[in-house]
Amino acid sequence: MTSKLWGGRFTGEADADFVRFNRSFDFDRRLIHADVRASIAHAAALFKAGVLTTEEARAITEGLLEISRRAAADPNYLVDDQAEDVHSFIEARLVEMVGQVGRKLHTGRSRNDQVATAFRLWLREEFDRIVELVRDLQRALVEFAARHEEAVMPGYTHLQRAQPVLFAHWCLAYFEMFARDRERLRDARRRTNVLPLGSGALAGTSYSLDREEMARALGFEAVSRNSLDAVSDRDFCIEFAAAASLIMVHLSRLAEDMIIYATAEFGFIELSDAVATGSSLMPQKKNPDALELIRGKAGRVFGQTVALLSVMKGLPLAYNKDMQEDKEAIFDLVDTAKDCLKVMAKVLRNARLNEERTRAAVRQGFMNATELADYLVRKGVPFRDAHEAAGRMVLAAIERGVELHELPLEVMRAVSPVIEEDVLFALTLDATLGTKNQTGGTAPKRVREALKEAELSLRD
Ligand code: ARG
């Protein structure tokens, strides 16, 4: 028997190239368990609506469960060059298994509401897995910070040394980005978790299917309110893609920071052999391939996001076959984002900070110049003038080849007479860090608190 779902009105044979072109089974078979679950809920609704007898509903449900079991047990079960898509595959196997009664399952439903339902169910689980991977990455960041709680490093703007910060502060900056990512995923999951089944092909269904009951059985929080929208909406895919894209932006920036910090020029971070490679030509090389691949794969994720947006933008209501293109994009997004999150957590757990190098870097480059201006402000100088005076002292230090705290007091006083002995304390690293004592600042006390809060927030 052919596994085609729509033979009746056709007399001609389909073109072989077109058949291959039209097929989605080779990739959408991933939806098999989700589609089986949704079909079981549909069978229960058909029974309640009086379309299936108890016996028929039982036979169909058992057949569907068996299909799921076989698919899980044997990957070869899902090799089929006939099936058009996962929905036709399941129906064909069901009819083989339980006979003609299997042909009743599709009553009151279309592949349009069916695929939207299975895809939402499938993606909902991936949302949950990715939330856990983001959480684990955040944990790895907290651990990295905790391994180097006292470490200081230069903070940069324009990749120029700017002001000293605690290394833990840098770790927690990324922690915050991933905290927002986790929130975004949860938020988008809520809108994904809506049941389209019962929308039919586009107009709704003429059978009295209990949609609320199907939603409850499948763990959906709501039922869709408009059938045209329900079968043609792929916002949930795009929201997921957007959230994944932002995750990749954050991963890629973290990768970039670490790639720079792992250069000999910086020498701040040592990557573990476990996540680096050598060169086939240069024996001394240790290359940060894991991080570079993460940075590179960000481009790929953005590409899939743009693909989804472009597929959707010109589509008339309701379902159009263009929408089958959503599958490969989403599958690739899910796989890539998960891989990158896992690998980044490994990189972090195996990385080592060279605290001596970062501390030495902080001592050079006039990173306390802002502190000097703030010192002058505390002595009553307007900030604009203080900034100017501190700049002149930086110039004097450059000319002498020394750092600010090594400038003789008379030289400083010649620029700004309000300067006293206590300037030396103001210019120390401890003072520079300690004054950044507002919420969100890098004062050690604040960072210790922030680390504790970060740890606590990992629980929700
Ligand atoms: N494979 C199709 C998809 O992924 C399933 C829905 C097909 N519906 C239809 N009317 N052709 O979109």
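The values are calculated or read from the model by the stated rules, or taken from the named source; none is laboratory data. Computed from a prediction, not measured in an experiment: that's the story for all the values here. Here Cβ is always computed from backbone atoms with ideal geometry, including for glycine, and neighbour counts include all displayed protein chains.
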Wholly enclosed helices (runs of 4 or more DSSP H) of the stretch 136-251 bearing at least 2 residues among the aromatic types (Phe, Trp, Tyr), crowded, with 20+ Cβ neighbours inside 10 Å and within 16 Å of the ligand (Cβ to nearest atom): none
- prompt: Given the conditions (1) more than 21 Å from Leu218 (Cβ to Cβ); (2) surrounded by 15 or more Cβ atoms within 10 Å (Cβ to Cβ), and given that Ala71 satisfies all but one, which numbered condition is not satisfied?
  reply: (1)
statement: Residue pairs within 9 Å by beta carbon, gap of at least six or interchain, first lying in the stretch 10-21 and more than 18 Å from Ser88 (Cα to Cα), second surrounded by fewer than 10 Cβ atoms within 10 Å (Cβ to Cβ), listed first then second, are Asp15/Phe21
message: I'd like the full set of residues that are in a helix (DSSP H, G or I), aliphatic (A, V, I, L, M) and within 17 Å of Met367 (Cβ to Cβ), limited to the stretch 397-410.
response: Ala397, Ile398, Leu404
query: Among the residues of the stretch 98-116, how many are in a helix (DSSP H, G or I) and away from the ligand (no atom under 11 Å from the Cβ)?
result: 7
task: Among what's in the stretch 1-60 and is outside any helix (DSSP H, G or I), at pLDDT 95 or above and under 40 Å from the mean Cα position of the chain (by Cα), pick the residue that is surrounded by the most Cβ atoms within 10 Å (Cβ to Cβ).
output: Ser24
Filter result for Asp335 (assigned to a helix (DSSP H, G or I) and within 13 Å of the ligand (Cβ to nearest atom)): no
task: Give the residues of the stretch 72-109 that are in contact with a Phe, Trp or Tyr (Cβ under 8 Å, 6 or more places away or on another chain) and under 26 Å from Glu55 (Cβ atoms), sorted by residue number.
output: Ser88, Phe89, Thr107, Gly108
- request: With the checklist (1) within 16 Å of the ligand (Cβ to nearest atom); (2) touching a strand residue (DSSP E or B) at 6+ places or on another chain (Cβ under 9 Å) in hand, flag the one item Leu271 doesn't pass.
  value: (1)
- prompt: If you check Leu409 against the conditions, is it closer than 23 Å to Gly155 by Cβ and over 33 Å from the mean Cα position of the chain (by Cα)?
  reply: no
Near pairs, Cβ below 9 angstrom, 6+ apart or cross-chain, from the stretch 344-355 (closer than 17 Å to Glu149 by Cβ) to any residue that is among the aromatic types (Phe, Trp, Tyr) and assigned to a helix (DSSP H, G or I): Leu348/Phe144; Arg349/Phe144; Ala351/Phe144; Leu353/Phe144; Leu353/Phe167; Leu353/Tyr261; Glu355/Phe167
Every residue from the stretch 183-223 that is free of Cβ contacts under 8 Å to residues at least 60 places away in the same chain, within 25 Å of Ile330 (Cα to Cα) and touching a Gly at 6+ places or on another chain (Cβ under 8 Å): Val223
message: It is to be established whether one or more residues within the stretch 65-74 are within 16 Å of the ligand (Cβ to nearest atom) and touching a His at 6+ places or on another chain (Cβ under 7 Å).
response: no
- request: Collect the residues in the stretch 414-439 that are exposed (fewer than 12 other Cβ atoms within 10 Å of the Cβ) and in a loop (DSSP other than H, G, I, E, B), keeping them in residue-number order.
  value: Pro417, Glu421, Gln438, Thr439
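Let's see how each residue does on (1) within 16 Å of the ligand (Cβ to nearest atom); (2) closer than 30 Å to Ile32 by Cα; (3) surrounded by fewer than 20 Cβ atoms within 10 Å (Cβ to Cβ):
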| position | (1), (2), (3) |
| --- | --- |
| Leu308 | yes, yes, no |
| Tyr319 | yes, yes, no |
| Met323 | yes, yes, no |
| Phe331 | yes, yes, yes |
| Lys342 | no, yes, yes |
| Asn354 | no, no, yes |
| Val362 | no, no, no |
| Tyr375 | no, no, no |
message: When you check Gly365 against the structure, is it modelled with pLDDT of 95 or more and of a type in the set (Gly, Ala, Ser), yes or no?
response: no
